[in-house]
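One structure below.
The values are calculated or read from the model by the stated rules, or taken from the named source; none is laboratory data. Nothing here was measured: the structure is a model prediction, and the numbers come from that model. Cβ: placed from backbone, ideal geometry, glycine included. Neighbour counts: every protein chain shown. SASA here: full protein model, heavy atoms, side chains in, ligands and nucleic acids out. Shrake-Rupley method; radii C 1.70, N 1.55, O 1.52, S 1.80 Å.
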Amino acid sequence: MPPRHLIRTSDFSTAEILTLFVNALHYKQLLASKTPTHHPLKHKNVITIFFENSTRTLSSFELAVKNLGGDILRLDVSRSSTSKGETISDTAANLNAMNPDAIIIRHKNAGAGYYLSSQVNCPIINGGDGAHSHPTQALLDLLTIMEHFGLEELLATEGRSDIAPIAPLDSIRGKKIAIVGDVINSRVANSNLELLTRFGMEVILVAPPHFLPQSELRTSDDLRTIAKEVDVIMSLRTQTERHNQVIYGSLKDYALRFCVTKEILGDSPCIILHPGPVHRNIDIDDEVLKDPRSKVLEQVTNGVCVRMAALDFLIA
Ligand code: CP
């Protein structure tokens, strides 16, 4: 059997995602109660190779592997032979020759993980490639949303083999989410667009016109109005590292219209997500980050258990 990979969210069926989420919640409970998990990754070796910086994705994958009893090898890209000109193809061939059980890669170029998957014999997990895809981020975002709107339906899918290819969860179907900010440069947005629409959520893109991709989805540049009608706001970082030119007067100008503030939220019950790293008072203001409606750190907590479930699914 060729290995399965997780390059984009569409690599997993809806039924597989629901099963993965049930497993993730099981791991979350065990971690919260400090109960040791079984060790499905015992004697398994996972390599991380991150060509771009990371706090959340890298550390949560490493914790996930350790929690499952596996061994992790972090290839330090700055000290690796890629800095001497070795190609990614040769790097992949050499890593593959060490027979790892999975490789987790982040790269600035879209398609890097997909390319790697054609060069190796083990699962490739995409930890983010350019503006293309960040599948585990979107999965943890969706689980965080589901947790907020109630888990009964999700938990009732456990062990069912008859899950329809469209999402069976009424708890989130039709809920509205505003994805706010630098959508066109965001792999997080890209992955969430596929996943959230597949699960029946109504997505509204809120950004200045030059941050919007070509899309059939509803768009707006008026966060103040949209915030009153949505159930979830997902704020994104302005990805200046991906801009070829300055495309907004300044981040301060941008924040005046697109920062999620307490004043804009008013008494709305909507929840606030952000993949991190947050530009405080540009993407979301300090007060909102402290507000119970902010689920930003809950997303990080869910990142560990979702990645445990993904590793379990792909490797164990
Ligand atoms: N959300 C996310 O990808 O964060 P890191 O860049 O810190 O991994």
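In degrees between 0 and 90, to the nearest 10, how far off the longest principal axis of the chain does helix 14-32 point, with axes built from Cα atoms?
Taking the Cα atoms of the chain, the angle to 14-32 is about 90 degrees.
Per-residue accessible area for Tyr115 at 1.4 Å probe radius, Å² rounded to 10?
That residue has around 90 Å² of solvent-accessible surface.
Using alpha carbons only, how many degrees (0 to 90, rounded to 10) separate the axis of helix 135-149 from the longest principal axis of the chain?
Approximately 50 degrees, to the nearest 10.
Could you give the size of the charge dipole of region 178-313 about its Cα centre, using +1 on the Cβ of each K and R and -1 on the Cβ of each D and E, expressed in debye and rounded to the nearest 20?
Details: 15 positive and 19 negative charges, 46 e Å.
Around 220 debye, computed over region 178-313.
Apply the Debye scattering formula to the chain, with a single equal point scatterer on each alpha-carbon and no solvent, then give log10 I(q)/I(0) at q = 0.16 Å⁻¹.
-1.38
Fully extended, how many nm does the chain gain between Thr37 and Asp162 (0.36 nm per residue separation, minus their Cα-Cα distance)? List each step's numbers first, then the result.
On the way: separation 125, 0.36 × 125 = 45.00 nm, distance 2.84 nm.
Full extension from Thr37 to Asp162 adds 42.2 nm.
Write down the accessible area per residue of the chain in Å², having rolled a 1.4 Å probe over the full set of protein chains. Intermediate results must be reported in sequence, preceding the final value.
Values: 14170 Å² over 316 residues.
It amounts to 45 Å² per residue over the chain.
In what sequence, largest accessible area first, do Glu216, Glu241 appear using a 1.4 Å probe? Provide the component values of the computation, followed by the final result.
Values: Glu216 185, Glu241 105 Å².
Descending order: Glu216, Glu241.
Among Leu95, Ser171, Gly150, whose Cα sits farthest toward the positive end of the charge dipole of the chain (+1 at Cβ of Lys/Arg, -1 at Cβ of Asp/Glu, about the Cα centre)?
My answer, from the dipole projection, is Leu95.
Suppose R0 equals 41 Å. What FRET efficiency, 1/(1 + (r/R0)^6) with r the Cβ-Cβ distance, do Asn96 and Thr301 give to the nearest 0.05? Intermediate values should be presented prior to the final figure.
Numbers: r = 33 Å, r/R0 = 0.80.
That pair, Asn96 with Thr301, gives E of 0.80.
Which of Pro275, Gln214, Gly159 sits closest to the plus end of the dipole of region 138-295, meaning its Cα is farthest towards the positive end, when Lys and Arg get +1 and Asp and Glu get -1 on the C-beta?
Gln214
If the elastic network links every pair of Cα atoms under 10 Å, which of Asn121, Asn53, Asn23 fluctuates the most in the Gaussian network model of the chain?
Maximum among the listed residues: Asn53.
Restricting to lysine pairs 8 or more places apart or on different chains, what number in the chain have Cα atoms under 16 Å apart?
Here the count comes out as 10.
Can you sort Leu289, Leu154 by solvent-accessible area, 1.4 Å probe, largest first?
Correct descending sequence by accessible area is Leu289, Leu154.
Percent of accessible area on the chain owned by carbon and sulfur, 1.4 Å probe?
Details: 7250 of 14170 Å².
Carbon plus sulfur share of accessible area: 51 percent.
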